[in-house]
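One structure is given here, and the rest of the page talks about it.
The values are calculated or read from the model by the stated rules, or taken from the named source; none is laboratory data. Remember, predicted model here, so these are calculated numbers, not experimental data. For neighbour counting, all protein chains shown are included, and Cβ atoms are generated from backbone atoms with ideal geometry for every residue, glycine included. Accessible surface areas use protein heavy atoms only, side chains included; no ligands, DNA or RNA. Shrake-Rupley method; radii C 1.70, N 1.55, O 1.52, S 1.80 Å.
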Amino acid sequence: MRKMATQVDREACREAYNEVRDDNTDTNWAVFKYEGSMIVPAGQGTDYDDFKRMCTDDARLFGFVRVKTGDAMSKRTKFTLITWIGENISGLQRAKISTDKTLVKEVVQNFAKEFMISDPRELDEDYIRTELKKAGGANYDAQAE
């Protein structure tokens, strides 16, 4: 049996991506997962903890997440692309996810920073927020010191 090249369900993924980007929805994350050799939307939601729960040791997935940063003076919305690779994922699948990420980026085009994470502690929302703050844009917190 020939190995199928990975494909992305572009229409469905784009719909999920746009919903996270839409300021009029509360949706702040969407997950894209493998179904055979197809990458498809596998859930979205309004609670970051629900996203974290999908990042298990046996999972490999892409998450597009909206994060609020800033302070009273300047609220900013930033987006990030998180590639999660659980520790039980084989070396072959790990290698593949890096090349497949370029396909996902054809749909998910707008984000401040991307992460490749295998350690659940790095999924901590504050850690992600801090890293996103470093990724550019005005940082008003620094001026207040």
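Per-residue ellipticity at 222 nm, computed for the chain from helices alone with -39500 (n - 2.57) per DSSP H run of at least four residues, works out to -9500 deg cm²/dmol. To the nearest ten degrees, helix 125-134 and the longest principal axis of the Cα atoms of the chain are 70 degrees apart. Taking only protein heavy atoms and a 1.4 Å probe, the accessible area of the stretch 33-145 is 48% carbon and sulfur. Only one item in (1) 62, 30, 24; (2) 83, 41, 26; (3) 52, 38, 33 matches Cα extents along the principal axes in Å derived from the coordinates shown, and that item is (1). Highest-first packing order for the peptide set 28-36, 104-112, 70-78 is 28-36, 104-112, 70-78, based on the mean count of other beta carbon atoms within 10 Å.
Between 48, 120, 97, whose Cα lies farthest towards the positive end of the dipole of the chain when Lys and Arg beta carbons carry +1 and Asp and Glu beta carbons carry -1, centred on the Cα centre? Of 48, 120, 97, it is 97.
For the chain, the longest principal axis of the Cα atoms and the long axis of helix 91-104 meet at an angle of about 60 degrees.
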